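The values are calculated or read from the model by the stated rules, or taken from the named source; none is laboratory data. Predicted model only: the values in this text are computed from it and were never measured. Note: ideal-geometry Cβ built from the backbone for every residue, glycine included; neighbour counts use all protein chains shown.
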Amino acid sequence: MPVNPDYDREFSFNIDEYLVENYPAMNMATRRSVCSMSFDWFDTEHLEDVVDEVVSHYAKTKLNISKKEIEEDDS
């Protein structure tokens, strides 16, 4: 089966563009501050949780797969 290498693999979000569109009265200095603070607040774990939810949904509806569970050591 041929594999299509052309699919979206990365998520990109332009914070400044979002701010300009949704907060038109915000000046550039404030946007720079908000952009900088957003990176400090950003949590990749949240995105990983979203991806895991999508995988779970897809697995339940289309496939027979599940996330590898971390084995606990009872020693």
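Data table
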| quantity | calculated |
| --- | --- |
| Selection count where residues are more than 27 Å from V51 (Cα to Cα), polar (S, T, N, Q) and outside any helix (DSSP H, G or I), scope the stretch 14-40 | 1 |
| Test: residue in the stretch 55-63 that is loosely packed, with under 10 Cβ neighbours inside 10 Å, modelled with pLDDT under 80 and assigned to a loop (DSSP other than H, G, I, E, B) | yes |
| Residue under evaluation F11, criteria (1) hydrophobic (A, V, I, L, M, F, W, C); (2) assigned to a loop (DSSP other than H, G, I, E, B); (3) over 30 Å from E69 (Cα atoms), criterion not met | (3) |
| Exclusive hit being in contact with a helix residue (DSSP H, G or I) (Cβ under 8 Å, 6 or more places away or on another chain), of a type in the set (G, A, S) and modelled with pLDDT of 90 or more, set S38, S33 | S38 |
